[in-house]
1. Can you give me the Cα centroid spacing of region 60-88 and region 100-174 in angstrom?
2. Going by C-beta contacts inside 10 Å, put His31, His102 in order with the fewest on the left.
3. In sequence order, what are the phi-derived ³J(HN,Hα) couplings for region 46-58 according to the Karplus relation 6.51 cos²θ - 1.76 cosθ + 1.60 with θ = phi - 60°, rounded to whole Hz, with x for glycine and proline?
4. In Å and from the alpha-carbon atoms only, list the Rg and Dmax of region 75-157.
5. Could you tell me which GluC sites (Glu not before Pro) in region 141-241 are loop residues by DSSP with no more than 13 other beta carbons within 10 angstrom of their beta carbon?
6. Using only the alpha carbons, work out the radius of gyration and Dmax of region 64-122 in angstrom.
7. With the Cα gyration tensor of region 204-299 in hand, give its eigenvalues times 5 under a square root as the equivalent ellipsoid semi-axes, listed largest first in whole angstrom.
8. Would you work out the relative contact order for the chain, in percent, from Cα pairs under 8 angstrom that are 6 or more residues apart?
Amino acid sequence: MTIARVDRPRRAPAAAAGASGADALSLRRRHRRRSRLTALAFVTPLLAYLAAFYVYPLYRNLDLSLRDYTVRSFVAGDAPFSGWENFRTVLDDPTFGPAMRHTMVFTFVSIAFQYVIGLALAVFFNRHFRLAPTLRALFLIPWLLPLIVSASTWSWMFNSESGVVNYFLHFFGMDPVGWLTSPDWALTSVIVANIWIGIPFNLVILYSGLQNIPAELYEAASLDGASAWQQFRRITFPLLRPVSAITLLLGLVYTLKVFDLIWIMTKGGPGDASSTLATWSYQLGFGTLLPKFGPGAAVGNILILIALVFGLLYIRVQRRQEA
């Protein structure tokens, strides 16, 4: 008796390969989904922080500038919409012109001197003499001190009656100067203090840039008979240009919004002699018994817009350097 043999059907090789490819594709999709969820978990705290401390305050500031807020309506939240009226009020105010001019003078004079002095110190410390690390650390002290301490110290030094600056003027037979009480000297005084505070930042950034310049270039220039000034003009300054651009733009954005130093030293006075957009915005919003929230917020938005322009310029310069 013959028993018929029944063979089991075998899966075609192509079908097996297709199933294996489908499993691999599904695995890759799950892996990508898991990676996205992990990335989102890390980014969510940052997004929450930005929304709570940047996006919402900016929105509230814009809302304040577009409504007619009083103390009662600020609490009740029923301020009527006024459109661009607060901005027109600010632009027509006689304080706007001097505040804008003081802001520009304070910003550009400060960053110019900070950069020049910081660059000179960076080149000096790049010589690697014995006391260079110690002296560099000492120059960082203004940057490490709390700003209220620095501002209070400069206020004491520029005091008209007991300040050390007027003491030295008297010692050399000169008349005392009302550094913080004279309209002719108040802005100069806060500029000097701000320059002193900003020099360490420029020193650190520019010194780091100098470390990336190959020493062989200076050795070759010395063999060719180039002087120290020629080496600086032909090698140091051109190769340091990208770092210089970043330093100046960061200093510009930071200096535009300086408030605490000026407020502690002069409160924008005497009169409006040292008032900037930052101090004027604070005076409108919080400096009187009847605060003008709308115009104060409008001044703040104008300052934000100016800083944003320079911030976009900084991003553009940075992208060009990376390209």
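1. 41
2. By the 10 Å Cβ count, ascending, the order reads His31, His102.
3. 5, 5, 5, 5, 4, 5, 6, 10, 10, 5, 5, x, 5
4. Rg then Dmax for region 75-157, in Å: 21.9, 67.
5. Glu161
6. Both quantities, over Cα of region 64-122: 19.3, 56 Å.
7. Over the Cα atoms of region 204-299, the ellipsoid semi-axes are 48, 13, 9 Å.
8. Relative contact order of the chain: 25 percent.
No value in this document is a laboratory result; all are computed from the given coordinates. From a predicted model like this one, the values you see are computed outputs, not experimental measurements. Quick reminder, even Gly has a Cβ in these numbers, built from the backbone with ideal geometry, and neighbours come from all protein chains shown.
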